[in-house]
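What follows draws every value from the coordinates through simple rules; no lab data is involved. Remember, it's a predicted structure, so these values are computed and weren't measured experimentally. Counting neighbours? That spans all protein chains shown, and the Cβs are built from the backbone with ideal geometry, glycine included.
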2 protein chains.
Amino acid sequence: MPKESTYSAISKSLWLNSAMISKHLDNSLGAIHGIGLSEYMVLLNLEEAPGQTLRRIDIAEAIGRTASAVTRMLMPMEKIGLVEKVANDRDARVSLVKITAAGREIFTNASVTLDAKSKTLLKNIDSEEAKLLLDLLHSI
Amino acid sequence: MPKESTYSAISKSLWLNSAMISKHLDNSLGAIHGIGLSEYMVLLNLEEAPGQTLRRIDIAEAIGRTASAVTRMLMPMEKIGLVEKVANDRDARVSLVKITAAGREIFTNASVTLDAKSKTLLKNIDSEEAKLLLDLLHSI
DNA sequence: CCTATATACTTGCACACTCAAGTATTGATA
DNA sequence: TATCAATACTTGAGTGTGCAAGTATATAGG
């Protein structure tokens, strides 16, 4: 059997860890705030965007999903009033998405939950290592 | 807006990175060897298991999926002969899974692909950092 | 033994996602 | 201006997964 490289070991570990962690966070957010991690990431990106507004395609890019996933994800989010549609007068093809006050509220609350849960899940890593890990993840 | 903790930043980064990386690896493995990352991980665990045999529940545990996911995943894998069912005479509830010669062959080939692809995906990380990152991921 | 509880799976249903194809609009070029 | 390619989305069909409920077997306590 050929010796496995550190790189494929990282891929595997990343795959496994992320599966576990995502599931935990998803369940927590879902139970408490009624949204999943994907929805949370949408809100996060909208919150940080200039004018709290983004095109659907940019959301898709930002969260690593396809445009169709975003379309379907936003339907219920719009229905319950977390986001709203905004037209773009320069380009009739795009339908902009804007976070609402209700959406911002949910986002803020969910952030607290996410934070707390993340700390518990990553309790084996001290804050020194955490910074290091974050840097490494960002450089990928 | 409350300052976000390093820990939740790690969760988010882990979520995003893993989505991207998994998709790439999944596509590569699928196109070349006809299996996904999950199937690969099943084969990996079987290969490393004593007697190349595991209970379905242990597979589920090892790859972070539920028992039902494993049941459905194994059906096609058994059909194309990557794994085979083995009865357990001590306990009639369990149906053991064993990797076949064909399965081992696919696994070995897929490992090469996975390795190469992982190196390209993680090319921004040198081997020093890679070891560090792997350690951190394992300690989660 | 017999019953109750736990374990190892399997199956029906729902949901989130992708891919491919379709629609509408824009921008560039002949 | 007419056409054609590119872009921003939407939609239909198929896949993989989880949850909850069901089946079969095992184990423990009376």
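Here is how the numbers come out for the structure above:
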{"item": "Other-copy label distances relative to B:Asp91, 7 angstrom Cα-Cβ extension, nm", "result": "5.8"}
{"item": "Neighbour net charge for B:Val86 - beta-carbon separation under 15 angstrom, K R +1, D E -1", "result": "+1"}
{"item": "Point-to-point label distance, B:Met20-A:Ala101, nm (Cα→Cβ direction, 7 Å offset)", "result": "3.7 nm"}
{"item": "For segment B:17-116: relative contact order, % (alpha-carbon pairs under 8 angstrom, 6 or more apart)", "result": "29 percent"}
{"item": "Other protein chain Cβ atoms within 10 Å, averaged over every residue that makes up B:107-117", "result": "3"}
{"item": "Radius 13 Å from Cβ of A:Leu122, net charge of other residues (Lys, Arg +1; Asp, Glu -1)", "result": "+1"}
{"item": "Tally of Lys pairs whose C-alpha atoms are under 26 Å apart, taken over chain B, 8 or more apart or cross-chain", "result": "16"}
{"item": "Average beta-carbon neighbours from other chains, 10 Å sphere, peptide B:74-84", "result": "0"}
{"item": "Inter-chain shielding of B:118-127 (mean C-beta neighbours from other protein chains, 10 Å cut-off)", "result": "5"}
{"item": "For segment B:57-140, convex hull of alpha carbons as volume per residue, Å³", "result": "142 Å³"}
{"item": "Teacher prompt: A:Thr66 distances to equivalent labels in other copies, 7 Å Cα→Cβ, nm", "result": "2.4"}
{"item": "Relative intensity, log₁₀ I(q)/I(0), of the protein assembly as shown from a Debye sum that treats every alpha carbon as a point, q = 0.09, 0.15, 0.16 Å⁻¹", "result": "-0.51, -1.18, -1.26"}
{"item": "Packing-based ranking, highest mean first, of A:62-71, B:37-46 given that Cβ atoms within 10 Å are counted", "result": "B:37-46, A:62-71"}
{"item": "A:Ala116-A:Ala67 FRET efficiency (beta carbon distance; Förster radius 35 Å; 0.05 resolution)", "result": "0.60"}
{"item": "Where a label projected 7 Å from the Cα of A:Thr108 along Cα→Cβ would reach, residues of segment A:31-68 with amide N under 15 Å", "result": "A:44, A:47-48"}
{"item": "Residue and distance (whole Å) for the chain A Cβ nearest the axis that superposes A on B", "result": "A:Ser18, 2"}
{"item": "Amide H within-cut-off set for B:Ile35, under 5 Å, with H built and near neighbours excluded", "result": "B:Gly30"}
{"item": "Position B:His138, label points 7 Å along Cα→Cβ, spacing to each other copy in nm (shortest first, one decimal)", "result": "2.6"}
